[in-house]
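Only one structure is covered here, and it is reproduced in the block below.
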Amino acid sequence: MAPAEASIGLAVTVACSPAEGRAEEVSLTVPVGATVLDALRASGLLARHPQLDPTRQAVGIWGRVCAPDAQLKAGDRVEIYRPLQVDPKEARRRRQRLQREAAATCSPRR
């Protein structure tokens, strides 16, 4: 770790999707030795979205699930994941069924 990095802190990004179709991202500087949970709290996202709970929801760095007490490095992107509402396989089946039904109701023009 460079001496300048120790005095300035670590630049990180915190991202979440508090609701379907919404995403928020906050860039901030945290002290060296800060954890995922520290960054989540410092970002203000937990205060703005009380439904997000890092003790009960998965958290990660750059798409990889980790513990809330994992230490951060400069440039990390901290994420908090909402639980899935629908199994991805089931969602795909539903979309395919809807597409087939829509195609069946459309008749080609001649």
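What number of residues in the stretch 59-108 are under 13 Å from the mean Cα position of the chain (by Cα) and either on the phi > 0 side of the Ramachandran plot or of a type in the set (A, V, I, L, M, F, W, C) (or both)? Break it down stepwise before answering.
Taking the stretch 59-108 first, the residues under 13 Å from the mean Cα position of the chain (by Cα) are 59-66, 76-84.
Keeping just the survivors that are either on the phi > 0 side of the Ramachandran plot or of a type in the set (A, V, I, L, M, F, W, C) (or both) gives 59, 61-63, 65-66, 78, 80, 84.
Final tally of qualifying residues: 9.
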Quick one: would you say residue 75 is out of contact with any Asp or Glu (no Cβ under 7 Å at 6 or more places or on another chain), more than 14 Å from residue 24 (Cβ to Cβ) and surrounded by fewer than 18 Cβ atoms within 10 Å (Cβ to Cβ)?
yes
State whether the residues of the stretch 56-72 include one that is part of a loop (DSSP other than H, G, I, E, B), out of contact with any Phe, Trp or Tyr (no Cβ under 6 Å at 6 or more places or on another chain) and touching a residue at least 60 places away in the same chain (Cβ under 8 Å).
yes
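Take the conditions in contact (Cβ under 8 Å) with a residue 12 or more places away in the chain, buried (at least 18 other Cβ atoms within 10 Å of the Cβ), in a loop (DSSP other than H, G, I, E, B) and at negative phi and apply them to residue 40. Does it pass? If you could, list the steps in order and put the result at the bottom.
Details: in contact (Cβ under 8 Å) with a residue 12 or more places away in the chain: yes; buried (at least 18 other Cβ atoms within 10 Å of the Cβ): yes; in a loop (DSSP other than H, G, I, E, B): no; at negative phi: yes.
In short, no.
We did not get these values from a lab; they are worked out from the coordinates using the rules stated. Just so you know, these numbers come straight off a predicted model, no measurement behind them. Cβ atoms come from the backbone with ideal geometry, glycine included; neighbour counts cover every protein chain shown.
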